[in-house]
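Comments concern the structure below.
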Amino acid sequence: MTLQRELETLGYGGVHVWGGMKTKKYFTPDGREVWTAPSLREWVKKNGQGKIIASGTRDANLDRGLLLEPPQAPLPHCPTCDKWHNTQAEVEQCALKRKEFEEKVLAKTLSDYPVKKADVNLQRLDTLESELSEIKRMLKEIASGQILQRETKGHKLQVYKKTKVQRRPKE
């Protein structure tokens, strides 16, 4: 038995301290173990005249549905929403709702951004790729010394085979 299990059996293993905030072990209604920091909140109960009847502190994690002990009858876990539901039928219904929502969003997306726009974007990408390959080809020609002389903005650019590029001033 590990040290953690021994501490739990003795009643001391419910709190972890690893140099940060203290965390406490909670259980989800579907039986999973969750380690989280207690979220203590103060509460006040008042009567009709506004007088305080009772007050205290409460762990907000318990309000979220977490339990201090493992559940005797775990609820089914829903992989769709990563929560728990009361019955397996609700889990299946949650999956159907999610599927319907995804189809609705897909239909809305396709209506907002028709396929023709995607085709135009693909054509633009193809032209950019062809222009880029042309630029690469020209750079290779310059690097290999096949282009010997070219004029740019009144300056003559002279490229000597595999040597330095030199500019001559305007004459």
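The values are calculated or read from the model by the stated rules, or taken from the named source; none is laboratory data. Just so you know, these numbers come straight off a predicted model, no measurement behind them. All Cβ positions, glycine included, derive from the backbone under ideal geometry; neighbour counts span all protein chains shown.
Is one or more of the residues making up the range 100-116 modelled with pLDDT of 90 or more, within 30 Å of Thr28 (Cα to Cα) and surrounded by 11 or more Cβ atoms within 10 Å (Cβ to Cβ)? Within the range 100-116, not a single residue is modelled with pLDDT of 90 or more, within 30 Å of Thr28 (Cα to Cα) and surrounded by 11 or more Cβ atoms within 10 Å (Cβ to Cβ). When Gln88, Gln72, Gln93 are checked against the criterion of being surrounded by fewer than 10 Cβ atoms within 10 Å (Cβ to Cβ) and either in contact (Cβ under 8 Å) with a residue 24 or more places away in the chain or closer than 30 Å to Gly31 by Cα (or both), a single residue qualifies: Gln72. For Arg32, all conditions in the list (1) without any contact (Cβ under 8 Å) to a residue 24 or more places away in the chain; (2) under 27 Å from Gly20 (Cβ atoms); (3) surrounded by 10 or more Cβ atoms within 10 Å (Cβ to Cβ) hold save one; what is the number of the exception? The single condition Arg32 does not satisfy is (1).
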